[in-house]
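Here is the structure we will look at, set down as structure tokens.
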Amino acid sequence: LNAAQQARLQGRIAATGLSPTQTGQTQTSSPSTVDTISNLGTTAALAYMAFSDERMKENIEQIEDPVMKVNMLDGVTFNYKGAPEQSAGLLAQDVERVLPMAVAEQDNGMKAVNYAQVTGLLTEAVKELSNKVARLEAGRS
């Protein structure tokens, strides 16, 4: 990492209260090409894919009351303590109230959101709203 990246990473580590050995830092085999990877840093890829095949799943259930749950979330902008860059997202405590399986808690009590799991909730909310719009438009015809 260059000096600015290292300083930014150290600020984020300090804000979480985690020690450097708890951050999951991994040095790649060619650090000049791909810098240190950290679960507190930024990653970039052309694509990220998660296994989602129906054949791998059981106990599949539709998410209930998706619009109500989305209405309990606030999209916010913020900056992490010690880091000047603006970010946008959700607060883990809010997500935990409506979709607890999408939140993980670290040993020190800090919480993290698995945003990929929030996708199902958002999809169901859009479908519910789309169906309401279709019913309203059909009533005007």
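The values are calculated or read from the model by the stated rules, or taken from the named source; none is laboratory data. Values in this document were obtained by computation on a predicted structure and should not be read as measured data. When we count neighbours, we look across all protein chains shown, and the Cβ atoms used for this are built from the backbone with ideal geometry, even at glycine. Heavy atoms of the whole protein, side chains included, go into the accessibility calculation; ligands, DNA and RNA do not. Shrake-Rupley method; radii C 1.70, N 1.55, O 1.52, S 1.80 Å.
Do you know which residues across the stretch 95-141 are over 16 Å from Ile63 (Cβ atoms), polar (S, T, N, Q) and in contact with a helix residue (DSSP H, G or I) (Cβ under 8 Å, 6 or more places away or on another chain)?
Listed by number, the residues that qualify are Gln106, Asn108.
Looking at the structure I just gave you, is Met68 over 28 Å from Gln6 (Cβ atoms) and either of a type in the set (A, V, I, L, M) or at pLDDT 90 or above (or both)?
Spelling it out, Met68 is indeed over 28 Å from Gln6 (Cβ atoms) and either of a type in the set (A, V, I, L, M) or at pLDDT 90 or above (or both).
Would you please name the residue that is farthest from Ala4 (Cα to Cα), looking only at residues in the stretch 71-84 that are in contact (Cβ under 8 Å) with a residue 24 or more places away in the chain and open to solvent by less than 50 Å² (accessible area, probe 1.4 Å)?
The selected residue is Leu73.
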